Amino acid sequence: MTEKNKVARSADKNVDKNADKSADEIKAERHKARQQKLKDGVDAKIAKAQEEKGILLVLTGNGKGKSTSGFGTIARAVGHGKKAAVVQFIKGNWECGERTLLEGAGVEFHVMGTGFTWETQDREKDTAAALEAWEAAETLLKDESIDCIMLDELTYMVSYHYLEVDRVLEALMNRPPMQHVIVTGRACHRSIIEMADTVSEVKPIKHAFDAGIKAQPGFDY
């Protein structure tokens, strides 16, 4: 029997075998085969990923949710008994729900005192406040007892040239090997993106504020 005939006979057997099954059974088997293939791929990646190190995560883009996502990671760290800290740049002076919650769980916060730069309109004052906040960040980035640090809206400090990017990169590069860092904010400098282990871009599709809906406590801050 030729190889071609063998293949044809095998196909005929499969057809005969499937003929005894319902459409739902065939669909279920195909789904199971697809999921098994997916599982094999995931298992292979898990087996390959054995290195442990501090992760530099960048959350950037023009969409809403970057800081919210970062705070979620800080909360996750605290939930695992890790020590975490947050440095906030360019934030308003109103109450921050995440800060209220996380400080109660032992998370150390440092907040840039001037709030939003478009409110102060004072470059010298904003630069001095940025440097003060960054000095607190540098201290945390040298502290081996801190497992996870969030540098909220840090990207603006570099974009506005309040902080030298090389100074930021040096501190990130020389931090403790197992320390995780989350950087948030729009237009992240390409050098920070290149250094990062994980980068996510949040893209805007719709935003309530653009439709005239004001920011509301418990949801927006």
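The values are calculated or read from the model by the stated rules, or taken from the named source; none is laboratory data. Only a predicted model underlies this, so the values are computations on that prediction, with no experimental measurement involved. All Cβ positions, even for glycine, are placed from backbone atoms using ideal geometry, and neighbour counts span all protein chains on display. The area values use the complete protein model at the heavy-atom level, side chains included, leaving out ligands, DNA and RNA. Shrake-Rupley method; radii C 1.70, N 1.55, O 1.52, S 1.80 Å.
Some notes on this structure:
- Probe 1.4 Å, accessible area per residue of segment 142-221, Å²: 63
- The chain - mean residue ellipticity at 222 nm from DSSP helices (-39,500 (n - 2.57) per run, n ≥ 4, rounded to 500): -15000 deg cm²/dmol
- Rounded to 0.05, the FRET efficiency of the LEU101 and ASP122 pair, given R0 = 25 Å and the Cβ-Cβ distance, is 0.20.
- Treating r as the C-beta distance of GLU25 and ALA187 and R0 as 45 Å, the FRET efficiency rounds to 0.25.
- For LYS66, solvent-accessible area (1.4 Å; no DNA, RNA or ligand), Å²: 20
- Solvent-accessible area of segment 110-221 (1.4 angstrom probe, protein heavy atoms only): carbon and sulfur portion equals 51 percent.
- At most 14 other Cβ within 10 Å, DSSP loop - GluC sites (Glu not before Pro), segment 123-221: GLU144, GLU164
- Built amide H within the under 5 Å cut-off of MET150, gap 5+: ALA85, VAL86, VAL87, ILE182
- Qualifying trypsin sites (Lys or Arg not before Pro) in segment 112-221, where qualification requires a DSSP coil assignment and no more than 16 other C-beta atoms within 10 Å, comprise LYS142, ARG186, LYS206, LYS214.
- Hydrodynamic radius (Kirkwood) for the chain, which is based on Cα pairs only, to one decimal in Å: 20.9
- For the residue pairs LYS66/LYS142; LYS27/LYS66; LYS39/LYS142; LYS83/LYS206, the alpha carbons lie more than 29 Å apart in LYS27/LYS66; LYS39/LYS142; LYS83/LYS206.
- Note on ASP197 and ASP210: their simple-model spin labels are 3.4 nm apart, each label 7 Å out from Cα toward Cβ.
- In the elastic network of the chain, a GNM with C-alpha springs shorter than 10 Å, the most mobile of ILE182, ILE55, ILE205 is ILE205.
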